[in-house]
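Before any comments, here is the structure.
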Amino acid sequence: QIGDATLDNGIPIVTTVASTATRTHILFSNFNSNNVGTIDTSGSSTTYNTSSDYRLKEDLQDFNGLDKVSKIPVYDFKWKLDESRSYGVMAHELQEVLPQAVSGKKDALNDKGEIEPQQVDYSKIVPLLVKSIQELKAEIELLKNK
């Protein structure tokens with residue numbers, strides 16, 4: 001539930017009843033009213049969930065994860081706003097390799113001529129990383145057995 005309290009920036013504080021049980025705070029559904037994601041909390045953590053049930057998928061195909069991951073440029077960079085350093089990708093470059101991880105259009109402006117920034121969902125990169133690790137492990141095993 002959203003409580004009466006807010007953070008200094010006006011964002012409401014989401015609170016739960018005095019319990020460590022997992023509670024769903026936000027449920028996302030598609031046009032058929034099917035659950036496609038939730039934001040849940042327990043007594044000590046928050047989880048961000050998206051659909052991944054096998055019954056919702058078809059046409060499963062293998063792919064070369066290491067090849068895809070190798071095509072994603074990653075940078076150590078400084079944010080212009082506060083000069084803090086971070087690691088990450090450029091959305092338009094990631095879009096060429098993994099378009100489903102990027103939203104927005106390169107160089108887009110809003111009606112006031114201000115930057116309408118592209119956004120990246122880094123969680124979409126995780127399956128590529130897992131696949132790449134599996135491929136590297138298989139290569140290591142082959143080399144060990146020679």
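Of all residues being open to solvent by less than 80 Å² (accessible area, probe 1.4 Å) and among the acidic types (Asp, Glu) in region 128-146, which is farthest from Lys80 (Cα to Cα)? Just the residue, please.
Glu141
Starting from region 106-122, keep only residues that are open to solvent by 100 Å² or more (accessible area, probe 1.4 Å), then list their pairs with residues that are part of a loop (DSSP other than H, G, I, E, B) and at pLDDT 95 or above whose Cβ atoms are within a distance under 8 Å, requiring at least 6 positions of separation or different chains.
Lys106/Gln118; Leu109/Glu116; Ile115/Ala108; Gln119/Gly104
Only one of these is among the β-branched types (Val, Ile, Thr) and farther than 29 Å from Leu27 by Cα: Val74, Val120, Val102, Val130. Name it.
Val74
Specify which of the listed residues (Ile72, Ile125) is closer than 29 Å to Gly37 by Cα, open to solvent by less than 90 Å² (accessible area, probe 1.4 Å), among the β-branched types (Val, Ile, Thr) and part of a helix (DSSP H, G or I).
Ile125
For residues that are in a loop (DSSP other than H, G, I, E, B) and in contact (Cβ under 8 Å) with a residue 12 or more places away in the chain, scanning just region 35-54, find the one that is surrounded by the fewest Cβ atoms within 10 Å (Cβ to Cβ).
The qualifying residue surrounded by the fewest Cβ atoms within 10 Å (Cβ to Cβ) is Ser44.
State which residue is surrounded by the fewest Cβ atoms within 10 Å (Cβ to Cβ) when the search covers only region 1-24 and only residues that are modelled with pLDDT of 85 or more and part of a strand (DSSP E or B).
Only one residue fits best here, namely Thr24.
The values are calculated or read from the model by the stated rules, or taken from the named source; none is laboratory data. Model, not experiment: these values are computed from the prediction. A quick note on method: Cβ atoms are made from the backbone with ideal geometry, for glycine too, and the neighbour counts reach across all protein chains shown. Please note that ligands, DNA and RNA were not included when accessible areas were found on the heavy atoms of the full protein model with its side chains. Shrake-Rupley method; radii C 1.70, N 1.55, O 1.52, S 1.80 Å.
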